[in-house]
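In what follows, a structure is listed as structure tokens, so that the remarks can point back to it.
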Amino acid sequence: MPVPVPRQREIPAAESGQAQTVSHGGGPSGAQLTLLLIEDDPGGSPIVPELLDASGKPIRVRTARNLTEAERLLTDDVHCILLDLALPAPGRSGADDDELAVLRHVLELAPRHAVLALTASGDAERGAEAVRVGAQDYLLRDELDGPLLSRAIRYAVERKRSDTAERRLAEGRLRAQENRRLERGLLPTPLLDGSMLRFAARYRPGRSRALLGGDFYDAVRTPDGTVHAMIGDVCGHGPDEAALGVELRIAWRALTLAGLCGDDLLNTLQQVLEHERSDDEIFATLCTVDIAPDGRRAGLCLAGHPSPLVMTPDRPARLLPYDNNGPALGVLSGARWPRLQVELGPRWSLMLYTDGLIEGRTGRGGERLGQDGMLEVVRRQLAEGLRGEDLLREAVHEVRTLNGGELTDDVAVVLLDREP
């Protein structure tokens with residue numbers, strides 16, 4: 001009774017690092033090639049003892065008389081399969097119309113291995129069809145010799161490796177495209193129809209190659225003419241934090257449109273966070289403003305978040321008061337978040353931001369930019385006449401430049417302008 005051989009692991013030698021480096025002769029460098037020969041009379045084949053790789057080392061050969069034996073011998077160190085197309089496929093008679101049924105079965109059994117089809121001389125059409133079905137190449141039995149088969153094995157292994165790499169690259173590109181479409185769809189579209197205010201935003205996730213981070217923002221206008229805006233930051237930078245930020249943003253919009261504000265709104269958002277977070281240590285900071293229908297005053301609530309920056313014609317850019325800053329969401333149960341009334345005047349700009357904008361370095365001994373440094377940056381941009389989208393773009397660009405490169409934290413910035 002044959003001793004069972006361990007089944008193949010997820011990544012065979014044909015795809016592993018053993019076959020990643022290719023020598024000038026076409027075979028994997030530093031690894032001995034292994035061939036699995038599936039033929040009804042493998043012992044009678046004169047080609048098996050004469051197989052050599054590009055460096056002159058012998059190619060190991062395993063032999064199987066049928067597909068049942070082949071399945072046992074198909075371990076993860078096999079690089080290539082040489083299949084006799086004359087073999088019957090399991091469950092099929094020799095009179096079956098599908099002449100390549102055995103090849104289809106092997107390709108299904110070993111989708112990650114290189115496969116060479118062996119067919120009778122004068123049956124090149126069948127061999128070509130085998131390549132169209134999925135084999136890397138075909139060989140004619142009567143024309144076969146050791147050097148020809150050795151070369152064919154090396155080329156088939158490299159061709160399979162290249163095909164696999166190309167497929168993985170295409171799949172990666174497709175996943176990246178799908179992720180970008182999904183993340184774009186999760187970014188908000190402000191609902192400000194009928195408002196005299198102008199809206200601008202900049203968003204830069206800290207995760208490499210991501211479009212969405214744990215920062216979130218939104219703005220809506222309710223039927224009474226009040227414009228509500230918010231910006232928030234979930235601690236952490238991964239996809240779970242990004243998903244939680246989206247949930248909080250959607251919940252904020254729904255609750256705001258339903259008429260909630262102040263403590264009622266923030267307490268409900270805290271319940272959402274506590275229910276949806278993956279860890280009890282996760283919290284979120286939040287800044288909300290509600291701007292009166294006449295545009296001259298606003299209510300401000302801070303939940304552990306940096307205070308907004310206000311710009312008016314008669315005064316330099318400055319921070320709004322933040323003495324009554326309440327705790328971040330998810331930190332204290334039963335917390336309160338005082339609402340501060342702020343006079344804005346007839347013409348102003350209000351900038352909401354996350355701490356990613358102020359935690360970058362300034363290049364002076366690792367010193368953080370901080371809110372004072374951010375104020376200097378914004379005042380300088382205003383003095384150059386920048387407004388709206390241009391102001392946000394250049395401010396974020398200058399912060400990145402001061403940091404000496406890309407910021408590691410998510411950055412979200414929202415600008416609301418009232419220009420009568």
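A short reminder: the numbers here are calculations on the coordinates, not readings from a lab. As the structure is a computational prediction, the values presented were derived from the model and not from experiment. Cβ: placed from backbone, ideal geometry, glycine included. Neighbour counts: every protein chain shown.
Nearest 5 is fine: what % of DSSP beta bridges in the chain come out antiparallel, could you say?
Just about 70 percent of them are antiparallel.
Can you find, among Pro190, Gly360, Ala152, the residue sitting farthest towards the positive end of the charge dipole of the chain, where Lys and Arg contribute +1 and Asp and Glu -1 at Cβ?
After comparing all options, I get Gly360.
Once fully extended, how much extra length lies between Arg368 and Ile250, figured as 0.36 nm per residue of separation less the alpha-carbon to alpha-carbon distance? If you can, show how the numbers build up before the last one.
Details: separation 118, 0.36 × 118 = 42.48 nm, distance 3.22 nm.
Going from the current span to full extension adds 39.3 nm.
Could you run the Karplus curve 6.51 cos²θ - 1.76 cosθ + 1.60 with θ = phi - 60° over region 195-203 and give me ³J(HN,Hα) per residue in whole Hz, x for Gly and Pro?
After applying 6.51 cos²θ - 1.76 cosθ + 1.60, I find 8, 7, 7, 9, 10, 9, 8, 10, 9 Hz.
For region 322-364, compute the orientation-averaged projected area of the C-alpha convex hull (one quarter of its surface), in nm².
5.5
For region 316-420, which chymotrypsin sites (Phe, Trp or Tyr not before Pro) pass both filters: DSSP loop (anything but H, G, I, E, B) and at most 15 other C-beta atoms within 10 Å? Write down the numbers at each step before the final one.
On the way: sites: Tyr322, Trp348, Tyr353; in loops: Tyr322.
In loop regions of region 316-420 (DSSP not H, G, I, E or B), the sparsely surrounded chymotrypsin sites (Phe, Trp or Tyr not before Pro) are Tyr322.
Tell me which of Thr288, Gln271, Ala242 sits at the most positive position along the dipole axis of the chain, charges placed on C-beta atoms (Lys, Arg +1; Asp, Glu -1).
Of the candidates, Thr288 comes out farthest on the positive side.
Against the longest principal axis of the chain, how steep is helix 388-403, in degrees 0 to 90 to the nearest 10, with axes from Cα atoms?
70
Once phi is turned into θ = phi - 60°, what whole-Hz ³J(HN,Hα) does the Karplus curve with 6.51, -1.76 and 1.60 give for every residue of region 227-232, x standing for Gly and Pro?
So the Karplus estimates, Gly and Pro as x, are 9, 10, 9, 8, 8, x Hz.
Let me make sure I get this right: for region 215-334, a, b and c are the square roots of the gyration tensor eigenvalues over alpha carbons, sorted descending. Under 1.5 in a/c it's rounded, otherwise prolate if a/b > b/c, else oblate. Which is it?
Prolate, since a/c reaches 1.5 and a/b exceeds b/c.
Compare the peptides 378-388, 143-153, 161-171 by average per-residue count of other Cβ atoms within 10 angstrom and give them in order, highest first.
143-153, 378-388, 161-171
Would you indicate which of (i) 22.1, 74; (ii) 33.3, 98; (iii) 21.5, 65 is the value of Rg and Dmax of the Cα atoms in Å derived from the coordinates of this structure?
Read-out taken from this structure: (ii).
Leu329: net charge of surrounding residues, Cβ under 11 Å, Lys/Arg +1, Asp/Glu -1, itself excluded?
For residues surrounding Leu329, the net value is -1.
Given R₀ = 35 Å, what would the calculated FRET efficiency be for Thr164 paired with Arg387, taking r from the Cβ atoms and rounding to 0.05?
0.10
Search the structure for amide H atoms under 5 Å from the amide H of Thr63, placed 1.01 Å from N in the peptide plane, and list their residues when 5 or more places away or on another chain.
Here the answer is Leu37, since their amide H atoms fall under 5 Å of that of Thr63.
Across all directions of projection, what mean area in square nanometres is found for the Cα convex hull of region 273-420? Walk me through the intermediate numbers first.
Working: hull surface 41.8 nm².
Convex hull of Cα atoms, orientation-averaged projection: 10.4 nm².
About its Cα centre, what dipole magnitude does region 187-418 give when the only charges are +1 on Lys and Arg Cβ and -1 on Asp and Glu Cβ, stated in debye to the nearest 20?
Details: 25 positive and 34 negative charges, 161 e Å.
My answer is approximately 780 debye.
I'd like the Karplus ³J(HN,Hα) series for region 144-152: coefficients 6.51, -1.76, 1.60, θ = phi - 60°, whole numbers in Hz, and an x wherever there's a Gly or Pro.
My calculation for region 144-152 gives 7, 9, x, x, 5, 5, 4, 4, 4 Hz in order.
Compute a Gaussian network model of the chain, connecting alpha carbons closer than 10 Å, and tell me which residue from Arg173, Arg132, Arg204 fluctuates the most.
Arg132
Charges at C-beta only: +1 for Lys and Arg, -1 for Asp and Glu. How large is the resulting dipole of the chain about its Cα centre, in Debye rounded to 20?
My answer is approximately 1100 debye.
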